[in-house]
Amino acid sequence: MRPVNTQAGLLAEFLRLRVDESGKTLAVLSKQVGYSTTQLSTHLSGRIPPHSLVVSLIAATVPPALRERREAEAVRLLRDAQHPPRTPAKPVVPAQGTAVSLAQAQAEQLQVYERLTRALEQEGELRQAAENSARLVWVLLGMVNTLEDRVRKLTGERDRLAADAARGELEAARRRVGRAEEQKATAESELARAREKQRQAEELADRLRQEIEALTDDLDRLRGEGPSPHDHLPTPAATSPGPGEERDAAADDIDAALARATAVNDQDADTIDRISTELTGQPAPTPQAQPLVPDNPLTSPDTANKTAAQLEEDAEAAADRGDAPEAARLYGALAARSTAYFGPDHRNVLLIRGNHAYWVDKAGDPVGARDLHADIVTDCTRALGPDHPDTLISREQFDYWAREAAGA
């Protein structure tokens, strides 16, 4: 079925994206929104739907944290579809030049519409990749915490066995320590990848947003208009341990989680490289990680001459060499600066605050880390909702530090 008008086509495309992202079939949605599958199919093909159906579809397919935004976009598209720009009446007998111009205008409109649709799809993919990476960062931060604790405990167990255990038990303990150390290194590597993929995806998505706005203006000039899409975290299959390995349920679970993180990173990398190639002619570069906050001078007395980028580099360097007190101090200054600039709810600010809490704990203050992360849980709950994946992950992090504080 051909759309009723250009605006109806854009609305149908927008709603189809939401349905696809939800993973629900038309049969399932039919029961939720009160329309038959035939009616849904018709409206998703370009027929202008009633306002109640648009709202119901958004409610049934979009996560709560994004629902208000998506509903506003859908309602705007519905309004445009219901009240499209009036087309000037054609002359009864158009001159040959006028007919040619009209055909050229229609061809140009179709071309812009196709480019806009593709740009919207690309932006949706990139925003999704950025969301995936942001969630992975939180997951992997928690995993690194867990693995550091695990390495410490297994090392202690190995050292105790070295004094009075049989040779076989000692070798098994050494293998467990080695495996945990390898897992920790893998988690840290995937954490760095996730941060970089998030930065690349957001950078490309911002570039696409500018192109979308320009194409929207062009389409508006040619009698049309357009929106934007996103969201859903893929669930790649985890790998099982290789043959011959001893059974260690905790380590097996960690391997499965790391395999999933690697698969999501790989999938996002493919998406970013493909879209970067389409936009620029070459895959996404892999430069040094960019600063998370603007390059503005800091006013703290102990960092008066440092930019935010320099402060972040110093914090990462302190973390790399294991200087926990210095890393905690620098991440604290960076968290204060980024919070003042972006506000406490910005995704990168929450990440920096999480790093600060982590290094406060490593510096010997688990109670302080617990209190810092309690604030992060509060802000995530307020900004994203209690059931958002990032909120749930922040609660898991808080529980970890609460246990650490209780044992201090």
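The values are calculated or read from the model by the stated rules, or taken from the named source; none is laboratory data. Note that the structure is a prediction, hence the values are computed from the model and not measured. Here the Cβ positions follow ideal geometry from the backbone for every residue, glycine too, while neighbour counts run over all protein chains shown.
Looking across the range 73-128 at every residue that is exposed (fewer than 12 other Cβ atoms within 10 Å of the Cβ) and modelled with pLDDT of 70 or more, the one that is farthest from GLU13 (Cα to Cα) is identified as GLN104. Among the residues of the range 45-59, those that are in contact with a Lys or Arg (Cβ under 7 Å, 6 or more places away or on another chain) and part of a helix (DSSP H, G or I) comprise LEU57, ILE58, ALA59.
Okay, residues lined up against (1) farther than 14 Å from VAL139 by Cβ; (2) surrounded by 15 or more Cβ atoms within 10 Å (Cβ to Cβ); (3) touching a helix residue (DSSP H, G or I) at 6+ places or on another chain (Cβ under 8 Å):
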{"position": "ALA172", "(1), (2), (3)": "yes, yes, no"}
{"position": "GLU181", "(1), (2), (3)": "yes, yes, yes"}
{"position": "THR186", "(1), (2), (3)": "no, yes, yes"}
{"position": "LEU191", "(1), (2), (3)": "no, yes, yes"}
{"position": "ARG199", "(1), (2), (3)": "yes, yes, no"}
{"position": "ASP206", "(1), (2), (3)": "yes, no, no"}
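For the range 10-38, taking the residues that are more than 25 Å from the chain's Cα centre (by Cα) and free of Cβ contacts under 8 Å to residues at least 12 places away in the same chain, the one that is surrounded by the most Cβ atoms within 10 Å (Cβ to Cβ) is identified as SER30. Here THR61 does not qualify as at pLDDT below 85 and either under 28 Å from ASP387 (Cβ atoms) or more than 21 Å from the chain's Cα centre (by Cα) (or both). Do we find a residue being under 21 Å from the mean Cα position of the chain (by Cα) and surrounded by fewer than 17 Cβ atoms within 10 Å (Cβ to Cβ) anywhere in the range 396-407? Looking through the range 396-407, at least one residue is under 21 Å from the mean Cα position of the chain (by Cα) and surrounded by fewer than 17 Cβ atoms within 10 Å (Cβ to Cβ).
Within the range 153-160, does at least one residue satisfy the condition of being of a type outside the set (Phe, Trp, Tyr), part of a helix (DSSP H, G or I) and within 24 Å of ARG395 (Cα to Cα)? The answer is yes; a qualifying residue exists. With respect to ALA374, determine if the residue is more than 19 Å from the chain's Cα centre (by Cα) and closer than 19 Å to GLU313 by Cβ. No; evaluated as a whole, the condition is false for this residue. The selection criterion, being at pLDDT 80 or above and surrounded by fewer than 19 Cβ atoms within 10 Å (Cβ to Cβ), does not hold for ALA249.
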